[in-house]
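Report on the structure given below.
The values are calculated or read from the model by the stated rules, or taken from the named source; none is laboratory data. Note that this is a predicted model, so its numbers are computed, not measured. All Cβ positions, glycine included, derive from the backbone under ideal geometry; neighbour counts span all protein chains shown. Areas reflect the complete protein model, heavy atoms only, side chains present, ligands, DNA and RNA absent. Shrake-Rupley method; radii C 1.70, N 1.55, O 1.52, S 1.80 Å.
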Amino acid sequence: RIRIRTPTLPLTLSLNPNPKPNLRERARLHVRQQFLWRWTEGLLLRSFDDVSDKNVKVLEKIVKLTTDYNQRVQEEEGKTEEEVAVQNVGKVDPKRHLQADVQELMSDNILQALGTMLDAVVF
């Protein structure tokens, strides 16, 4: 007869009735949840009434900013760069706000249109 000896391992099993994930695991899960939420955020469609109302408000703001920008350009004619810089200290720059609003309006509408097309094709 040949006997094979197997090493005996201590069989201790700790049962914790309240397992708490460690800090690193919780942080990893939190980042993953934020990533998934951000990824799916672009696929959510807003109601068309809300989008329409926001478009109207942004377009009204764009009209006001274009008139302000036109006035600023007319005021700057014939002045040196230094005079213009001193004159515009502390004032709202309509050109910068106009660019930001147009960018926001276009990106919101493109996302809404793509989401609507994707929703129509997939679902």
- At most 14 other Cβ within 10 Å, DSSP loop - trypsin sites (Lys or Arg not before Pro), the stretch 37-123: 46, 79, 91
- Put 110, 62 in order of accessible area, largest first, 1.4 Å probe: what do you get? 110, 62
- Message: Take residue 113 and residue 46, extend 7 Å from each Cα along the Cα→Cβ direction, and tell me the distance between the two endpoints in nm.
- Response: 1.7
- Note the full-extension length gain between residue 76 and residue 89 as 0.36 nm times their separation in residues minus their Cα-Cα distance, in nm to one decimal. 3.3 nm
- Message: Loop-only GluC sites (Glu not before Pro) in the stretch 41-123, please: DSSP not H, G, I, E or B, and at most 11 other Cβ atoms within 10 Å.
- Response: 77
